Ligand SMILES: N[C@@H](CCC(=O)N[C@@H](CS)C(=O)NCC(=O)O)C(=O)O
């Protein structure tokens, strides 16, 4: 029972769509737990220790934060031999799609739909980023960001120009999920978002192919059930010391882990396992008992507890 793939998400979340496509590629059965779009998220942060971003994957008492970590773990548990990229190039390309392309995408989207955005959402995202969420400023940035977005779309178009079905060949992979969610979000959040893609014919044909992959088999689950599963389960993470840790991190040390971009709330715990690609820390919470929370290393800082 505790082996169920529980996915804390919300529908319009771009990074959730990235992982939902991976569920599709790997034909995984999963349970969606809906979380709020803005804080407070009491049923999420009791599992993560304070990490508030979406998505988060839960398998029993193991909690995986950030789409990079989630996909790394899915690939470990459900290896797909046809997938052309994995934790290597797939994760690396995520820094292009999740930072450069997504930044332009967000500015264009919210610059275009600014008047429909709730004040509560703006305030929440200001707290998240530490920067003003000013849709007038975003509107002014739209022309520049359109040029950026077009340049990145042109890279995708060029990659697809030889008639390949997916970005890295004839089978879909993480690169496809990562580029695709940006296009999905631009359309889903902004009624005029589709105009961005008009001149990119190969991208549009590829977008349809990625959409057709679907999302695997989805069920719904309540927050209460997800928390009860964590409470009943014991983490399956095995203690692991990495002799090559540059700063001498070892199991048993108290550390804090924080994202290096936005949503930088530090998560404190006791180190259980680490490598160049991951860190897992143990922590306790009254509602969920002992859980192990996993983060990627690229894009996250580990500080002494
Ligand atoms: N690096 C993170 C980024 C996640 C992210 O920014 N998620 C957005 C939603 S798609 C978010 O959490 N926004 C704030 C919130 O929902 O509270 C990842 O790859 O998962």
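The values are calculated or read from the model by the stated rules, or taken from the named source; none is laboratory data. The model shown is predicted, which means the values in this text are computed figures rather than measured ones. Note: ideal-geometry Cβ built from the backbone for every residue, glycine included; neighbour counts use all protein chains shown.
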Listing of strands (runs of 3 or more DSSP E) fully contained in the stretch 206-305 that carry 3 or more residues being within 30 Å of residue 155 (Cα to Cα) and free of Cβ contacts under 8 Å to residues at least 24 places away in the same chain: none
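For every residue, the table says whether it meets (1) crowded, with 17+ Cβ neighbours inside 10 Å; (2) over 20 Å from residue 8 (Cβ atoms); (3) modelled with pLDDT under 95.
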{"residue": "221", "(1), (2), (3)": "yes, no, no"}
{"residue": "238", "(1), (2), (3)": "no, yes, no"}
{"residue": "249", "(1), (2), (3)": "no, yes, no"}
{"residue": "259", "(1), (2), (3)": "yes, no, no"}
{"residue": "267", "(1), (2), (3)": "yes, no, no"}
{"residue": "273", "(1), (2), (3)": "yes, yes, no"}
{"residue": "283", "(1), (2), (3)": "yes, no, no"}
{"residue": "291", "(1), (2), (3)": "yes, no, no"}
{"residue": "294", "(1), (2), (3)": "yes, no, no"}
Qualifying helices (runs of 4 or more DSSP H) (wholly inside the stretch 1-113; at least 1 residues being buried (at least 18 other Cβ atoms within 10 Å of the Cβ), touching a strand residue (DSSP E or B) at 6+ places or on another chain (Cβ under 6 Å) and in contact (Cβ under 8 Å) with a residue 24 or more places away in the chain): 14-25, 42-48, 67-77
